[in-house]
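Encoded as structure tokens, the structure appears first; notes follow it.
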Amino acid sequence: MERPDLYFIALIPGLELRDEISVMKEEMKRDFNSSHALKSPAHITLQMPFKANSQDELQLVKTLSLLAAGEKPFRVDLNGFGAFAPRVLFIRVSDHKQIEDLHLRLSQMLRGLQWFPQDEIMSDVHPHITIATRDLSKEMFKLAWPQFENREFDGTFETKSIFLLKHNGRNWDIFMEFTFGGNE
């Protein structure tokens, strides 16, 4: 029997901003012994990880293509840092409305997939870009947060697509990009 693969759905900033955020993730690894966030590109999660087999993957790709075709690009502004104490540090997203609206439309489409575990569909979304998670110890969090709490960070990117990421056994790879139809 085929073993299902692991996927998640996200918004991903352009390469320049991704690289800038990667430097911060490396800083978290070097200074606070937290490297888990390096396993995926900088992203804003729209749907947390889920399993799918190759047959389901085809249906998922069609669904995401259909969703993206009806979307228009929008701007995402990043400003400063936040935390989910005691383990997560992240870059704040200034305005959540358009991401929340997109997430709602995505959730509705996922509900239409019979194979998709309905209890795994995220009921809401808290837009942010993680720079440290899971392996950030409580002690290191107490050291790291004061260094980021008032640190300045500003970034902007145009969201022109949604991304399907696939786990390769060690890290998350960008598997497919679904460009918004309002782009042309």
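Before moving on, here are some points about what is shown:
- Residues satisfying the stated conditions in region 1-24, i.e. surrounded by 12 or more Cβ atoms within 10 Å (Cβ to Cβ) and of a type in the set (Val, Ile, Thr): Ile9, Ile12, Ile21
- Some residue of region 126-138 being more than 27 Å from Asp5 (Cα to Cα), under 14 Å from the mean Cα position of the chain (by Cα) and outside any strand (DSSP E or B): no
- Some residue of region 53-63 being over 22 Å from Asn168 (Cα atoms), in contact with a helix residue (DSSP H, G or I) (Cβ under 7 Å, 6 or more places away or on another chain) and not acidic (Asp, Glu): yes
- Condition check for Gln47: within 14 Å of the chain's Cα centre (by Cα) and either without any contact (Cβ under 8 Å) to a residue 12 or more places away in the chain or under 25 Å from Arg111 (Cβ atoms) (or both): yes
- Counted residues, region 39-68 - those being touching a Pro at 6+ places or on another chain (Cβ under 7 Å) and open to solvent by 10 Å² or more (accessible area, probe 1.4 Å): 2
- Selection from region 77-87 of residues that are at pLDDT 95 or above and in contact with a Leu (Cβ under 7 Å, 6 or more places away or on another chain): Phe81, Ala83
- Region 70-114, residues that are exposed (fewer than 13 other Cβ atoms within 10 Å of the Cβ), touching a residue at least 24 places away in the same chain (Cβ under 8 Å) and over 18 Å from the mean Cα position of the chain (by Cα): Gly70, Lys72, Ala85, Gly112
- For region 118-143, filtered to residues that are closer than 22 Å to Lys51 by Cα and in contact with a Leu (Cβ under 7 Å, 6 or more places away or on another chain), the residue that is surrounded by the fewest Cβ atoms within 10 Å (Cβ to Cβ) is Ile121.
- Breaking point among (1) more than 16 Å from Arg18 (Cα to Cα); (2) open to solvent by 10 Å² or more (accessible area, probe 1.4 Å); (3) in a strand (DSSP E or B), for Leu164: (2)
The values are calculated or read from the model by the stated rules, or taken from the named source; none is laboratory data. Because the structure is a prediction, the values reported are computed rather than measured. For neighbour counting, all protein chains shown are included, and Cβ atoms are generated from backbone atoms with ideal geometry for every residue, glycine included. Surface areas here come from the heavy atoms of the whole protein model, side chains and all, with no ligands, DNA or RNA. Shrake-Rupley method; radii C 1.70, N 1.55, O 1.52, S 1.80 Å.
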